[in-house]
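None of the figures in this text is laboratory data; all of them are computed from the coordinates on show. Only a predicted model underlies this, so the values are computations on that prediction, with no experimental measurement involved. Backbone-built Cβ (ideal geometry, glycine too); neighbour counts: all protein chains shown.
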Amino acid sequence: AQADVNNLPTFDQISKQQEFEYLRLNNIQLHNCDAFPSMKRFSELQSRFGAPDQLLVNIQKQNWLNMSFCQQVSIPTLISGQSSICIAKTGSGKTAAYLIPLILLSLQQKTCLVILPNTELQKQVTEVFKLLTTNIKLTEKFQILSLEKCKSITADCVVVDECDQIILSQLNLQSFNAKQIHLFSASMNDKIKQIADSQLVNPTIQVVQAPNVPNLNVLHKFSFISNPLHKMVVLNQLLKELKPPVIIFCNNPQEVQKYIKINIPSSIVYENQQMKEKDINLQQFMDNQTWVLVTNNQLARGIDFKNVATVLQYDAPDTFEIYLHRVGRTGRQTKGQSICFYTDKDRSKLKVVVDCLKNNGEVCEGWSDKTEMVKRKKKEREWEAKEIIDDDGLYEDLSDFEEKRTRVG
């Protein structure tokens, strides 16, 4: 059971034992953390950290009534000056978890830099930043940049969002000469964590939810396609039945959109698309002018799509991390579902995905590995044999049965 913040003492009265119990009940793991205690209420921004009235007004305008667990642990840490690594599930309020304290640091004459993996996410975070800083004048430099534009920049505080993707691109964190660096992501494997640890000084590690844990708001469905050429037929049939909006993840968005036959307005966003066209298409989908968005893994990370009903994975993901990021585009405010097509060639890589889902108590509707299929076919053959035996009596061996089955067929 989760602990209720309303039953807890204020930040200046809570004991260490009460704080540790609160973190334990809410499955929050903190390692090497100097910031005590976590922040339970937005009002503490002012009473504890001296935030201006206008920042609280701007937060209230976003209808953020309760703080997410990610925000509760990250905001005090960023303000404290300690570097950190924060792992939290998709839809857990990571953007506000770093923007709010960065605004306060900027008001304290600190230069701040936010680095994001792509331009789409950079634009989305910039919009949230504008909402939070309405009528607040920041005198120090506050930059929100995509990865390709952040070279040769120095800052007092650097935040790297979707850090697992960016660190893989060989970003040198120490080149920013920052006093504190903060890494945020929904997933982080051991190799990337080692790289991050080697480039950060005495970081606190915050695991708001165990890494690689699926979103409980998402139903996981799998659809076996015996012939890859039939995928488009199945896709068009599904699009007739599915409630919009739908995001389709695939390797070749242009090819897939070209063969969508049904009369449903769709948008397409892909990696090497002209920026103006990409912005228009993405905005049309986000404004509900189109009901289907066809894209690749570029939009699988971080982008906050509202009320996406279904994520349809036309091409199976290569890793569980990619699967998690894709399905993270649905199930954010309401329940959602993921439908993942797979062929015989996809079984081995998807088995890892399915095993991880099942280990977390998820039901994988429609999934069958080869072993299960062999068992099912054997059972079907046994039932066929039973029907034939019931009609014509027992057969001495399997060859007699096969002969009879051929005659009956």
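Give the long-range amide H neighbours of N189: residues separated by 5 or more places, or on another chain, with amide H under 5 Å away, using H modelled in the peptide plane at 1.01 Å from N.
Residues meeting the amide H criterion: none.
Using alpha carbons only, how many degrees (0 to 90, rounded to 10) separate the axis of helix 69-80 from the longest principal axis of the chain?
Once rounded, one gets 30 degrees.
Tell me, what HN-Hα J-couplings in whole Hz come from the Karplus equation 6.51 cos²θ - 1.76 cosθ + 1.60 at θ = phi - 60° for each residue of the range 138-149, using x for Gly and Pro?
9, 8, 8, 5, 10, 10, 10, 10, 7, 3, 5, 10
Here are labelled values, [x] 34; [y] 30; [z] 22, and one is the computed percent of Cα pairs over 38 Å apart for what I pasted. Which one?
Comparing each candidate, only [y] matches the computed number.
May I ask you to order 335-343, 220-228 by the average number of other C-beta atoms within 10 Å around their residues, highest value first?
335-343, 220-228
Compute the distance from the alpha-carbon center of the range 240-256 to that of the range 318-352, in whole Å.
14 Å
Quick one: which of 13-20, 173-180 comes out on top by average Cβ neighbours within 10 Å, and what's the full order, highest first?
Ranked from most to least packed, the peptides come out as 173-180, 13-20.
Restricting to DSSP H runs of at least four residues, report the calculated mean residue ellipticity at 222 nm for the chain, -39500 (n - 2.57) per run over all residues, nearest 500 deg cm²/dmol.
-12000 deg cm²/dmol
Relative to the longest principal axis of the C-alpha atoms of the chain, give the angle of the C-alpha long axis of helix 398-408, reported between 0 and 90° and rounded to the nearest 10°.
Between helix and principal axis, roughly 90 degrees.
Check which residues have an amide H placed less than 5 Å from I225's amide H, if you skip close sequence neighbours.
Amide H to amide H, under 5 Å and 5 or more residues apart or across chains, I225 pairs with Y342, T343.
For the range 5-207, what are the per-bin percents of Cα-Cα distances with bins 10 Å wide, up to the bin holding the maximum?
8, 37, 38, 15, 1
Please list 3J(HN,Hα) in residue order for the range 317-329, calculated via the Karplus relation 6.51 cos²θ - 1.76 cosθ + 1.60 where θ = phi - 60°; whole Hz, with x for glycine and proline.
Once rounded to whole Hz, the list reads x, 7, 9, 5, 4, 5, 4, 4, 5, 4, 5, x, 7.
By count of other Cβ within 10 Å, fewest leading, how are S74, S266 ordered?
The order, fewest Cβ neighbours first, is S266, S74.
Between Q17 and K123, what is the FRET efficiency for a Förster distance of 56 Å, r being their Cβ-Cβ separation, to the nearest 0.05?
The computed FRET efficiency comes out at 0.80.
Students often get this wrong, so check it: of K61/K137; K240/K276; K94/K243; K61/K94; K16/K193; K40/K179, which have C-alpha atoms separated by over 24 Å?
Table pairs above 24 Å Cα-Cα are K240/K276; K94/K243; K16/K193; K40/K179.
Return one number: the angle in degrees, 0 to 90 and rounded to the nearest 10, between the long axis of the Cα atoms of helix 16-25 and the longest principal axis of the Cα atoms of the chain.
The two axes meet at around 20 degrees.
What list do you get for M232, M67, M275 if you sort them by fewest beta carbons within 10 Å?
M275, M232, M67
Please list, ordered by chain and number, the residues whose modelled amide H lies under 5 Å from the amide H of L219; skip anything fewer than 5 residues away on the same chain.
So L219 has HN proximity to G336, Q337, S338.
Given R₀ = 25 Å, FRET efficiency for Q60-K130 by Cβ-Cβ distance, to 0.05?
Efficiency computed from Cβ-Cβ geometry: 0.95.
Determine, at each q value in 0.21 (inverse angstroms), the log₁₀ of I(q)/I(0) that the Debye formula gives when each Cα of the range 218-346 is one equal point scatterer.
Debye intensities relative to I(0), on a log10 scale: -1.35.
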